[in-house]
Amino acid sequence: MTQADRDAAARRQRAQTIALWRWSLIEAAMDPALTSRQRGAIVRGIAAGEHAGPFGGMVSVSRKTLDRWITARRGGGFGALVPAPRQCAPRTDPQVVELAVGLKKENPARTAAQVRRVLIAQLGWAPSERAIQRWFEARELTTRPGGQPPRAYGRFEAPAVNEIWTADLMNGPKVAGRACHLAGIIDDHSRFLTGHQFVRRPDAVRFAAVLRAAISRHGVPQILYTDHGGCFTDASLRRTCAVLGIKLVHSQPGQPAGRGKIEKVFQTIQQQFLVEITGDKADPARHLAADLAELNDLLDHWVREVYHQRDHSETGQPPAARYQAAGPATPPGAAVLAEAFAWSAVRLVRKTATVELEGNTYSVDPFLTGRKVELIFDPFDMTRLQVWWAGRKVGTAVPQVIGRHAHPKAPPDEDPQPVTYTGIDYLALIAAAGQDAAGGQLRLSNIADGDGAGLDDRAGHEGQEDRR
């Protein structure tokens, strides 16, 4: 609906309100059983007083106006009481209006401000920018510049549980002086949050941990739907989905309509959970989360006891009940999960039967010399690597030089230890030392002045002795 449509609807509603008010005012005089004398007395009484108007204020109505309303009601029914719309003669030349409309139609990218500049260049003058905008809105040139209606997005819901999981990240509060992010995964059919955890870094490693926990508890989804964030386009996630048989789907850039369910959950978390939390400074009206573990524990309780148990406005059922109605899921085994969430890298085996990975050196079977092999490893423990070649496992790499135990993309997520302050003020110590040095110089100068005077006296006395 355009602004012109909304304005027209508001005018129609206003006219209906006025008609109802007019009818309430003359209803007593419309009784067909009344005589002319009785009706006249009622009308004169109405005209003599003040009445609450249709929009609040007190108003008075003349007898002539009341008679006109009564006559109109008898002849035309209730519709005759509706005030006619005002007809204002346009003050702008219609040719100017058509020229502005034509400039917009031939180039829909032109804004009202740009059309006004073109009119000034062509005609030497132009109406206001707001007037041009009203012309465009009345002709739907702002919502349908090419004559075609905007794209309509229907409501979509997966027909079954675990068919589509939607994942996204949201900025969280500062906890212990550091920022955090909420990684969330929602089941499209039930609106059940299969994964929810605050993490320090929005990277592939943290999201993989959330996804792994969700799959180990609730099974494997058919489709994982995400945006184009760095943690969702990482090669490690593509490998995980390939091993588990998950179809990884990314939304089209600039069209986030498909992720509306997870965005709505994030909005609910912001309005109902995070509004009660503070992690940076004490607030008597909020709960202070001392660290990330406490924040995640509070979120887990809120999700399980509030969000999952409350009727969803769209489905009409609690997310937990709707999810559990499909029956228990079958999660994959521990070995399958370990294989799926391991990382891989392709390396060329050197003539020394060694391979290098992130600065580490490993020995492999000599028959692999000169061949490219795939190294499967845990990003948090790079001391053990599985070696694959030609689609089969051919052994384990033996570490020779280990300079890095964890992958650079997998830094630790724990909070730093709290700082114990020494209480030493370095600048105060410098200032105190400077004051002591200045005081010592003054005392030495006083002593030097006294000694000089004594030496002069003794020298004069010895000169007198010599002359004698």
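The values are calculated or read from the model by the stated rules, or taken from the named source; none is laboratory data. Predicted, not measured: the structure shown is a model, and the values here were computed from it. Cβ coordinates were reconstructed from backbone atoms using ideal geometry, including for glycine residues, and neighbour counts include every protein chain displayed.
Things worth noting here:
- Residue in the stretch 243-254 that is closer than 25 Å to residue 174 by Cβ, surrounded by 13 or more Cβ atoms within 10 Å (Cβ to Cβ), in contact with a strand residue (DSSP E or B) (Cβ under 7 Å, 6 or more places away or on another chain) and of a type in the set (Val, Ile, Thr) present: no
- Across the stretch 142-156, the qualifying residues are those that are surrounded by 10 or more Cβ atoms within 10 Å (Cβ to Cβ) and in contact with a Ser or Thr (Cβ under 8 Å, 6 or more places away or on another chain), and the one among them that is modelled with the lowest pLDDT is 143.
- The number of residues in the stretch 373-385 being touching a residue at least 24 places away in the same chain (Cβ under 8 Å) and assigned to a strand (DSSP E or B) comes to 9.
- The stretch 41-80, subset polar (S, T, N, Q) and under 18 Å from residue 30 (Cα atoms), residue surrounded by the most Cβ atoms within 10 Å (Cβ to Cβ): 65
- Taken over the stretch 303-320, residues that are part of a helix (DSSP H, G or I) and either buried (at least 17 other Cβ atoms within 10 Å of the Cβ) or not assigned by TED's automatic domain parsing to the domain that holds residue 189 (or both) amount to 4.
- Residue 299, sole failed condition from (1) surrounded by fewer than 16 Cβ atoms within 10 Å (Cβ to Cβ); (2) not in a strand (DSSP E or B): (1)
- Test: residue 83 is assigned to a loop (DSSP other than H, G, I, E, B), at pLDDT 90 or above and surrounded by 10 or more Cβ atoms within 10 Å (Cβ to Cβ): no
- Beta carbons closer than 6 Å, at least 6 apart along the sequence or on distinct chains, pair a first residue in the stretch 201-224 that is touching a residue at least 12 places away in the same chain (Cβ under 8 Å) with a second that is hydroxyl-bearing (Ser, Thr, Tyr) for 204/236; 214/194; 218/194; 219/330.
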